[in-house]
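*Asks:* Here it is: the structure, laid out below.
The values are calculated or read from the model by the stated rules, or taken from the named source; none is laboratory data. This is a predicted model, so every value here is computed, not measured. Backbone-built Cβ (ideal geometry, glycine too); neighbour counts: all protein chains shown. Each accessible area value is taken on the protein alone, full model and side chains, heavy atoms only, with ligands, DNA and RNA left out. Shrake-Rupley method; radii C 1.70, N 1.55, O 1.52, S 1.80 Å.
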Amino acid sequence: MTAHIMTPAEVLSTYWRHGTLPVDPVSIAQAAGIEVIPFSPGKCEGASGEYIPTGPSGRPVIHYNPTENINRIRFTVAHELGHHFLRHGRRMRDTREVIGNRNDFYEVSANRFAADILMPKDYVSILINQRNVTSVAELSHILGVSTSAMDYRLKNLGYYSF
Ligand SMILES: [Zn+2]
């Protein structure tokens with residue numbers, strides 16, 4: 001298991017070479033040797049996800065909450081991939097409050113990583129500028145993210161500002 005930091009671009013070029021959309025963070029995790037497992041029933045109250053650097057099998061483990069919607073699960077798994085590839089080590093369980101804490105460097109950087117994985121800048125540009133996809137709803141559908149995540153990403157990439 002390598003221990004160096006990998007950028008989102010490196011992760012995509014290493015574990016998502018075919019580049020099809022939507023990007024599947026579970027496939028990326030599995031290709032990287034990470035187990036992706038739902039929380040046991042009754043053990044996920046309030047939690048969206050969790051990253052464990054060394055699980056019972058000796059491999060890293062990502063837990064997700066199977067009761068959340070698919071886009072939320074995809075974002076959570078991508079966020080946990082951020083904790084893994086940015087080498088954050090063992091983190092507290094990720095509740096929505098933890099993930100949304102903008103004062104926590106690790107959470108902010110894991111969210112940024114997730115956005116870069118699920119909504120790669122170059123792919124977004126191709127969809128908008130070459131394929132003329134201009135609706136946030138359609139973009140979010142193609143990329144498998146919520147419309148609010150897509151909206152936030154487009155603002156961050158400078159497509160529009162308020
Ligand atoms: Zn987190």
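*Asks:* Write out the chymotrypsin sites (Phe, Trp or Tyr not before Pro) in the range 91-142 meeting two conditions: DSSP loop, and at most 14 other Cβ atoms within 10 Å of their Cβ.
*Replies:* Counting only loop positions with at most 14 other Cβ atoms within 10 Å, none of the chymotrypsin sites (Phe, Trp or Tyr not before Pro) in the range 91-142 qualifies.
*Asks:* In addition: For the pair residue 3 and residue 137, what calculated FRET efficiency results from E = 1/(1 + (r/R0)^6), where r is the Cβ-Cβ distance and R0 = 35 Å, to the nearest 0.05?
*Replies:* Computed FRET efficiency for residue 137 and residue 3: 0.30.
*Asks:* Determine how large the accessible area of residue 36 is when every protein chain is in place; take a 1.4 Å probe and give Å² rounded to the nearest 10.
*Replies:* It works out to around 30 Å².
*Asks:* Can you send over the carbon and sulfur percentage of the accessible area for the range 119-162, probe radius 1.4 Å, protein chains only?
*Replies:* 49
*Asks:* Hey, another quick one. Antiparallel as a % of all DSSP beta bridges within the chain, to the nearest 5?
*Replies:* 60
*Asks:* Right, something else. How do 83, 141 stack up against each other in accessible area, from largest to smallest, with a 1.4 angstrom probe?
*Replies:* So the residues, ranked largest to smallest area, are 141, 83.
*Asks:* Next question. Most fluctuating residue of 18, 84, 63 in a GNM of the chain with Cα springs under 10 Å: which is it?
*Replies:* Comparing 18, 84, 63 in the GNM, the peak value goes to 18.
*Asks:* Same structure, new question: What accessible surface, in Å², does a 1.4 Å probe find on residue 20, ignoring ligands, DNA and RNA and rounding to the nearest 10?
*Replies:* About 70 Å², ignoring ligands and nucleic acids.
*Asks:* Any idea what the dipole of the chain comes to, in debye rounded to 20, about its Cα centre with Lys/Arg Cβ at +1 and Asp/Glu Cβ at -1?
*Replies:* 140
*Asks:* On to the next question. Can you give the three extents of the C-alpha atoms in the chain along their principal axes, from longest to shortest, in whole Å?
*Replies:* Result, largest extent first: 47, 31, 28 Å.
*Asks:* Now for a separate question. Using Cα centres only, tell me the gap between the range 1-20 and the range 51-87 in whole Å.
*Replies:* 16
*Asks:* A further question on this structure: Rank these residues by their accessible area, most exposed first, probe 1.4 Å: 87, 153.
*Replies:* Ranking 87, 153 by accessible area, largest first, yields 87, 153.
*Asks:* Just the accessible area for residue 70, please: 1.4 Å probe, Å², rounded to the nearest 10?
*Replies:* Surface open to solvent at residue 70 totals about 110 Å².
*Asks:* What accessible area per residue comes out for the range 119-162, rounded to a whole number of Å², with a 1.4 Å probe?
*Replies:* Accessible area per residue: 62 Å².
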